[in-house]
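Take a look at the structure set out below.
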Amino acid sequence: MNTYMIQHDTESSTATEKPRAGSFDETLVVVNHAGSFSSPPPNKQYQSSSHHSSAPITSRYGSLSHELSQGEKRSDLEQQYLLNKEETTATTTNSIDNLRSRKQSSCRSDFLYYFIYALLNTTMSVPSLYGYASVIFNHNVFQPHIATLSKLVIWSSAVHQLCFVIFSSLSFAKAEVQDAGLLFLSIMTNYIADTILAEGGNIGEILSTSIVTLTAATASLGLVLMFLGKFNCANAVSYLPLPVVGGYLAFIGYFCVVAGVGLCISKSMIGGNFLTDVQLLVDRQSFVLALPGLLSGLLMMVVARLSQNDAALPLTMFFIPTSFYVFLYLFGITLDDAREGKWIGKVQESASVSSLIELVDFNQVRWDLVFSAKCLSVWFGMVFVVSFSSCLDVAAISMDMGEPLDIN
């Protein structure tokens, strides 16, 4: 360590001597090589080993100048820091304002997107639900009340949708009456109607018993599906032979087509077989009535398969009935003329909300038919098929999302 002595012309240059007022510090200071300062031991003098007294004084003045320069630099740095801090604060404030503005704009655009999406889904779902109601209640005895029964199906779909929105882990989930169970529900209502009519019952018994049976069957089916998922039993469905399941799903598609054609010709085609269905279409009047429906279904199938635009199918569904009424207007055909030609259904009174409750009279419910062997066997088949079709739905959603989903 190199040491230097800083000494002035004083009477005494010992370490114990105090500095005079107005003069430089006369205390001996030891400066080590690293630049730190320490006081020397008392009663010991230090002489410069290589410099005379003027060199240390110059060194001290240089040190003071260096300290003043460092102070000015620190002051400049502090001012620059404060300026940068103010600029950063202003930038942060502007960023927050821009972020808030973008967020509000995004919320408005998201709300508009969700509204349009809901409108498109409603456009596609409501006609399907009316068709489902006609399939479920296809017996002739239900036709005077088909408007109220259709609203009942739509109401059940709304409850189903609400449950999905609240409990589903998928944010885009929507729900409606599933087509896989239509055949089973139709079999139940037809069995109840035929049995009560054969025994001389009335329409009140048929409506009350059918609605209670369908409600109990679908609600219990939902509970069974929940328990299957809770106890990880859905994977057992994968052991079913695929040709069997594929054949049944194909039959459901054929069943829906036959039900739709029956609506076009105003005749039920569900109770017959393939030959009787063909015989109905051989009739010229029936074929003419069914042709627009078949072509419309073919058009929607092509649009759904080939179009990549989400609005294509809803717009097609809107275009088909619009073009029908434009055709009537251009050729001067009135609605009464269309009804006589069976192009439009008969005028029915609008169904109020209270009429949905009035459909059921528990005093007229035939509980022996609700829990009959026929209805129970159909219910077990519905559980079996709907469970598998639900697994297929989950698999299809998983493929569209590009990530695995837990079937259970």
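When the trypsin sites (Lys or Arg not before Pro) in the range 327-408 are filtered for DSSP coil states and for at most 12 other beta-carbon atoms within 10 Å of their beta-carbon, the remaining sites are Lys346.
How much length is gained if the chain between Gln308 and Met399 is pulled fully straight, taking 0.36 nm per residue apart and subtracting their Cα-Cα distance, in nm to one decimal? If you can, show how the numbers build up before the last one.
Details: separation 91, 0.36 × 91 = 32.76 nm, distance 1.67 nm.
Answer, rounded to one decimal: 31.1 nm.
Amide H contacts of His139 (H built 1.01 Å from N, in plane; Pro and chain starts excluded): no residue 5 or more places away or on another chain comes under 5 Å.
Among residues other than Leu369 whose Cβ falls under 12 Å from its Cβ, what is the net charge (Lys/Arg +1, Asp/Glu -1)?
Details: positive: Arg366, Lys374; negative: Asp194, Glu199, Glu205, Asp368.
Residues near Leu369 contribute -2 overall.
Mind ranking Asp310, Asp368 by accessible surface for me, highest first, 1.4 Å probe?
On the way: Asp310 120, Asp368 90 Å².
Putting Asp310, Asp368 in descending order of accessible area: Asp310, Asp368.
By a 1.4 Å probe calculation restricted to protein chains, His160 has an accessible surface near 70 Å², given to the nearest 10. Computed packing ranks the peptides 395-403, 149-157, 181-189, 223-231 as 181-189, 149-157, 223-231, 395-403, most packed first, by mean other Cβ atoms within 10 Å.
In plain terms, the chain from Cys107 to Trp367 could stretch by 88.4 nm, reckoned as 0.36 nm per residue minus the Cα-Cα distance. Computed from label points 7 Å out along Cα-Cβ, the spacing between Leu170 and Gln285 is 4.6 nm.
Here's how it looks for Asp361: its modeled amide H is under 5 Å from those of Ser208, which are all 5 or more places away or on a different chain.
Couplings for the range 392-407, taken from phi via the Karplus curve 6.51 cos²θ - 1.76 cosθ + 1.60 with θ = phi - 60°, read 5, 4, 5, 5, 5, 5, 4, 5, 5, 6, x, 8, x, 10, 7, 4 Hz in order; Gly and Pro are left as x.
Compared with the alpha-carbon gap, the fully stretched path from Asn235 to Phe251 is longer by 3.4 nm at 0.36 nm per residue.
The values are calculated or read from the model by the stated rules, or taken from the named source; none is laboratory data. Quick caveat: nothing in here was measured; it's all calculated off a predicted structure. No Cβ is skipped: glycine too gets one built from the backbone with ideal geometry, and neighbour counts run over all protein chains shown. Accessible surface areas use protein heavy atoms only, side chains included; no ligands, DNA or RNA. Shrake-Rupley method; radii C 1.70, N 1.55, O 1.52, S 1.80 Å.
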